[in-house]
Amino acid sequence: MGRADARRARQGSARRAGKNTKKSGIGRFFTWKKVLGAFLGVCLLGIVGFIGLYLYVDVPSGNKQAKLQSNVFKYADGSVMARVGEVNRETVPLSRIPKDVQHTFVAAENKTFYDDSGVDLKGTLRGVVNTLSGKGKQGGSTITQQYVKNYYLSQEQTVSRKLQEIVISLKVDQKFSKDEILAGYINTSFYGRGAYGIQAAAQAYYGVDSDKLTVAQGAYLASLLQAPNQYDWAIASDAGKKLVQERWAYTLNNMVDMKWLTPQERAQQKFPVPKPPKPLPGLSGQASYIIDAAKKELFANGVDENEFEAGGWTVTLGIEKNRQKALEASVKRKLTDDLEPGQRPVDRDVQLGATSVDPKTGYVVALYGGAGYPKHYTNNATRSDYQPASTFKPLILASAMENHAVTKGGVPINPNTIYDGRNRRPVVGGTTPFAPPNEDEHSYGKISVQTATNNSVNAVFAQMGADVGLDQVKKTAVSLGMDGAKMDVQPAMTLGTMGASPLQMAGAYATFDNHGQKVTPALVKKAVHTQDGSDKEVDFKNPIGEQVLSRTTADTITSVLTGVVNDGTASEAVKNTSYKAAGKTGTSDDNKSAWFVGYTPNLVTAVGMFGESPNGGTQVTLKGAGGGGRVNGGGYPARVWADYTQTALGDGNGGDFDLDTDMGAAAPPPPSPTATPTVPASPTPTPTHSATTSPTPTTSPSDTTSGRPSGRPTPTGGGSTPPDGGTGGNPGGNTGTGGNTGTGGTGDGGTGGNPGGNTSNGSNGLPNFG
């Protein structure tokens, strides 16, 4: 082989060796063509995958936690009474957030919000890289993305969740308007202090509703979202306070850049230091009773209970904060301060309930239900298991007048009608024998309805119920708001033996005060459910209803009941007050309940005091409570009523009653009584008296018990006194031995006459059942 051939051989071997070396190295797998191809392939796969993901992933329903809201209960003036629910959130529509406050969130978080597609790709990519590299929480999300994360997804930091966020954000941006997205973001974000959403945050930091926020306050709340706990002024470090002030300034400066604030307006802004945090208002004290009763009222008006408990409701009540506080203070001052349960076991049995109503609107303005949860769960203001006793008597007179009832002697029943008030006098004309005792077994003899009301004389109203007809009495009572299911048509019902609540009795008396136009006391003035950015308001019936009593009847009852306050069983408790008032006391059998239901021209309040054993809740006597003897309606209940009413009316005296009547204690006495059926005249003259005054007795109680002396006086103004019931005679006024009328006598008298057995002075206490 020549040198040329050898050289060629060596060169070929070298080339072969070079080729073999090249193929065995890593470089043979990464030519620029292959790298580019691989990159394009990955991009293509990514695009195809993203398209598939976009087609596959739908916008889900919001997660349960993001939908949870509290229910907010407000006083009549709009201040918050309580927030109730798992999450302190109250969603509000964008219309309840000032425009410049809306802009603070955009300026702080996402200046391009109104123009972007819902996703910041650059920021999102940076976030994905940070997540993959283990750098923790990333930023760069748009408002839409943050809303999606809050409302639709979890808070976990994974690539898959981030990809879901991107896809859903793009779809949400296409599906919803920017305003809807902004409202969702503002309402789902966490602001610290346990507040979710801007409404809860506005209350937590500034004590105002969202619609009252200023731009400076809005900028602070918007700044909080970056670091709620670090930026909360109440707990922030000096560094945190500096950072939030810088964030606040940054937000306002961005608003100037966006033309949402002028430089001059920006220069006027001062950092709004938040108020110190307060405990969230919840169920305690009287709020526990009020809110429970309000919820029952809502459900009775068609609100679905499950929907309500899911949250999002704002319920405005008729409760007036100042009157509510006044009622609570009066109960303490006039009752509970006197009780010593450690010294007197009976004091442990004392319960009190009260309901105060505006008769012009029908709304409950104050309510007292008891010691509060968890000490006492039963709401004493709405419970109806105790007898209202003699507070029922005015309803009997109202029924008599409304039905134009007459006595057994044919005399129309009105405040001037004379009845026999003898103790244990048998009722005439009833279906069942009934002879109720008066208080302390006191006998009154002949007595006007007005004076019988002042002194709560059982014998008179038991007979009146029979004269009217018990079915008619029940019908009238039901029309005034009492529960017919609790009323047995028996003679004892005339003594108020059915069950009734302070709420019901306040409604009945408010109807008297409202000139016969029905008042159905209501707690809830307004209820709004906010969901998905819109408000839905519940329609309620007007608490003021139809005319159920004539104005003359209602006003006459009011006129009569002024006598109870001025001259009767409540006079001692109410004598030092400065307002015009009417009302009625009541004390049940065995002293298990005591009542006063009273009213001024503009305020009606029912106060019930109940004996309830702490062991099992059985009804027990109140006797000895507070260190005294029998507890009657003219005592603690009337004192609480008078003290509360004085404060609740304020500086004014409550006004004057506008009464369309010429009868009763508030009306001037007529010039002469109406003549009554003629019987032989008595030679003994009878003094003329107004129905408002108890005449001086001319016989002893024993005389009036067995019948009055022989011979009848002639009433002033002509005519004769009709017959009365006595012992041993016949109905219709036939006289028996000694001139006394007999058992089975009519027991009624004429209008205006004053026969020999005039009323004794009696006591200001209440009879049994009355």
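Between the stretch 183-206 and the stretch 414-436, what's the alpha-carbon centroid distance in Å? So the two Cα centres are separated by 67 Å.
Between their Cα atoms, which of Lys74/Lys575; Lys67/Lys518; Lys67/Lys332; Lys67/Lys296 are more than 31 Å away from each other? With Cα atoms farther than 31 Å apart: Lys74/Lys575; Lys67/Lys518; Lys67/Lys332. Using the average count of surrounding beta-carbon atoms within 10 Å as a protection proxy, the listed peptides 607-619, 82-94 rank, highest first, as 82-94, 607-619.
Karplus-derived 3J(HN,Hα) values for the stretch 339-345, using 6.51 cos²θ - 1.76 cosθ + 1.60 with θ = phi - 60°, are 8, 10, x, x, 9, 10, x Hz; glycine and proline are entered as x. Sorted on the mean count of surrounding Cβ atoms within 10 Å across their residues, most packed first, peptides 311-318, 237-244 read 311-318, 237-244. Taking 0.36 nm per residue of sequence separation and removing the Cα-Cα distance, the Thr431/Arg96 pair yields an extension gain of 114.1 nm.
A cut-off of 5 Å between modelled amide H atoms, ignoring neighbours fewer than 5 places along the same chain, links Lys525 with Thr316, Leu317, Gly318.
Specify the inter-centroid distance of the stretch 214-245 and the stretch 306-377, based on alpha-carbon positions, in whole Å. The stretch 214-245 and the stretch 306-377 have Cα centres separated by 39 Å.
Using 0.36 nm per residue and subtracting the Cα-Cα separation, the extra length available between His404 and Ile235 on full extension is 53.5 nm. Between the residues Ile447, Val468, Leu561, the greatest Cα displacement towards the positive end of the dipole of the stretch 445-576, with unit charges on the Cβ of Lys, Arg, Asp and Glu, is found for Ile447. Peptide packing for 283-293, 456-466, 173-183, 348-358 was compared via the average number of neighbouring C-beta atoms within 10 Å per residue; ordered from the highest value, the list is 456-466, 348-358, 283-293, 173-183. Close amide-amide hydrogen proximity is noted between Asn423 and Ser443, Tyr444, Gly445, each under 5 Å apart and 5 or more residues distant or on a separate chain (H modeled in the peptide plane; Pro and chain starts excluded).
Mind grabbing the base-10 log of I(q)/I(0) for the stretch 480-589 at q = 0.09, 0.10, 0.14 Å⁻¹? Debye formula, identical points on the C-alpha positions, no solvent, two decimal places. These q points yield log10 I(q)/I(0) values of -0.36, -0.43, -0.74. The string of couplings for the stretch 91-99 from the Karplus curve (6.51, -1.76, 1.60, θ = phi - 60°) is 5, 10, x, 4, 5, 9, 10, x, 4 Hz, one whole number per residue in order, with x for Gly and Pro. Per-residue Karplus couplings for the stretch 604-619, computed as 6.51 cos²θ - 1.76 cosθ + 1.60 with θ equal to phi - 60°, are listed in order as 10, 9, 10, 10, x, 10, 10, x, 9, 5, x, 9, x, x, 6, 6 Hz, Gly and Pro entered as x. Once backbone amide H atoms are built at 1.01 Å from N, Asp120 has Thr142 as its partners under 5 Å, excluding neighbours fewer than 5 places away on the same chain.
What is the gain in length, in nm to one decimal, between Glu180 and Thr112 on full extension, counting 0.36 nm per residue of separation less the C-alpha to C-alpha distance?
Roughly 22.9 nm would be gained on extension.
None of the figures in this text is laboratory data; all of them are computed from the coordinates on show. Source: prediction; values computed, not measured. All Cβ positions, even for glycine, are placed from backbone atoms using ideal geometry, and neighbour counts span all protein chains on display.
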